[in-house]
1. How about the range 96-119: which of its residues are open to solvent by less than 20 Å² (accessible area, probe 1.4 Å) and either in a loop (DSSP other than H, G, I, E, B) or of a type outside the set (G, A, S) (or both)?
2. Could you tell me which of the residues L57, L125, L73 is assigned to a helix (DSSP H, G or I), touching a residue at least 24 places away in the same chain (Cβ under 8 Å) and over 21 Å from G175 (Cβ atoms)?
3. For the range 45-52, indicate whether the set of residues that are modelled with pLDDT of 90 or more and surrounded by fewer than 20 Cβ atoms within 10 Å (Cβ to Cβ) is non-empty.
4. When you scan the range 263-274, do you find a residue that is without any contact (Cβ under 8 Å) to a residue 60 or more places away in the chain, open to solvent by 50 Å² or more (accessible area, probe 1.4 Å), on the phi > 0 side of the Ramachandran plot and not hydrophobic (A, V, I, L, M, F, W, C), even just one?
5. Which of (1) of a type outside the set (S, T, N, Q); (2) open to solvent by 20 Å² or more (accessible area, probe 1.4 Å); (3) farther than 24 Å from G183 by Cα; (4) in contact (Cβ under 8 Å) with a residue 40 or more places away in the chain is the odd one out, the single condition E235 does not satisfy?
6. Take Q156 and decide whether it is part of a helix (DSSP H, G or I), open to solvent by 20 Å² or more (accessible area, probe 1.4 Å), under 28 Å from L232 (Cβ atoms) and out of contact with any Phe, Trp or Tyr (no Cβ under 8 Å at 6 or more places or on another chain).
7. Among the numbered conditions (1) over 30 Å from F285 (Cβ atoms); (2) in a helix (DSSP H, G or I); (3) open to solvent by less than 40 Å² (accessible area, probe 1.4 Å), tell me where D167 comes up short.
8. Is it true that some residue in the range 25-39 is at pLDDT 95 or above and farther than 23 Å from P322 by Cα?
Amino acid sequence: MSNWRLDWPTSGGGRIASGRLKTAPGDFIVDELLELPESSPAVEGDVIAGRGEHLCLKLEKVGDNTEYVARELARIAGCRHFDVGFCGLKDRHAVTRQWFSLYRPGNEDQDTALIREIGLRWPVLAVSRQARKLRRGEHRGNGFTITLRAVSGEHQVIDRALERLGDIGAPNYFGPQRFGNDGANLDRAVHLDPATLNRRGRSGGKGRGGKKRAGSDGSKNVLYFSAARSWLFNEVLAARVDDGSWAEAGATGPLWGDGGTTACGPLETFERGIVAQTPELAALFSVTRMKPERRPLAVKPESLSWQWVAEDCLELAFFLSPGQYATTILSDIFELEDMSLGRHNEQQG
């Protein structure tokens, strides 16, 4: 299939303004919030807050994506790459403040020297120790400070749209970056063998004789499968936006799985009807042991505030829970020109 839909209807029937996003890294600031007992970066004689085998560091980074920093931390600390944990991927073309954990049992006396060495690469904002490795989605959420430049639109109209965003929220779409250029990840998903996604088992991806199968292929297959699942959710959400029911209290949509959807009655019929329009993707779930889940149809930013820095420059601040995307929310109002495209930007999470 070609010509995948990658731009879905907005809550207001159309975008009412335009602006440039990520003109400079400082225009997109992400601050990850994690509930840990924190202390300032250790210096000689300091006692690090918390106890446990994992040293946790909050770093500020610019121009480096999350996975690159994790690999470098493993190299500096002399540990295995999978001994480094983090809660979500953050944008490269941004200023991001993010927590990482390093598995360092019994090495508390070396923490100060290690923190000092890491601080030569990235500012260390806070440190802690805890018993568990950081895992995806374990943070409380992300605070954003975003500056839009070259904004075109009437200030009063934009202000009213932002007030509505704070009151009602926006459709909780997955962003188009998840689907690849022109939907390339969806094209690859159509050609997946769903059974291969079930062959991970206890062997951790190893075949006979303990030899690893093509690991990158396995991770890419999961990526393509996730893209298909996300696109089907967006299609159902788009239909709910069209009929005006997306913002109903507690409304959720399907993350398709084995058996399809957990909805019942008229909602089940509705969702199955939408998904049936793309049988190539629906077929992926016929033999894949993926439990159906639900995802909220609306996302509402917390503590939303904004100010006009100049006639064509708007600064916004808000907080989002894990799995919610700042650019998705802003795209409900603005036609955004992402100035970082082509500079290896990654989505926030």
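1. T96, Q98, W99, F100, L102, R104, D111, L114, I115, I118 - these are the residues of the range 96-119 that are open to solvent by less than 20 Å² (accessible area, probe 1.4 Å) and either in a loop (DSSP other than H, G, I, E, B) or of a type outside the set (G, A, S) (or both).
2. Only one candidate qualifies: L73.
3. Within the range 45-52, one or more residues are modelled with pLDDT of 90 or more and surrounded by fewer than 20 Cβ atoms within 10 Å (Cβ to Cβ).
4. no
5. (3)
6. no
7. Exception for D167: condition (3).
8. Among the residues of the range 25-39, not one is at pLDDT 95 or above and farther than 23 Å from P322 by Cα, which makes the answer no.
The values are calculated or read from the model by the stated rules, or taken from the named source; none is laboratory data. Everything numeric in this text was worked out from a predicted model, so none of it was measured. In this analysis, Cβ positions are derived from the backbone assuming ideal geometry, glycine residues included, and neighbour counts consider all displayed protein chains. Protein only, heavy atoms only, side chains kept; ligands, DNA and RNA dropped before computing areas. Shrake-Rupley method; radii C 1.70, N 1.55, O 1.52, S 1.80 Å.
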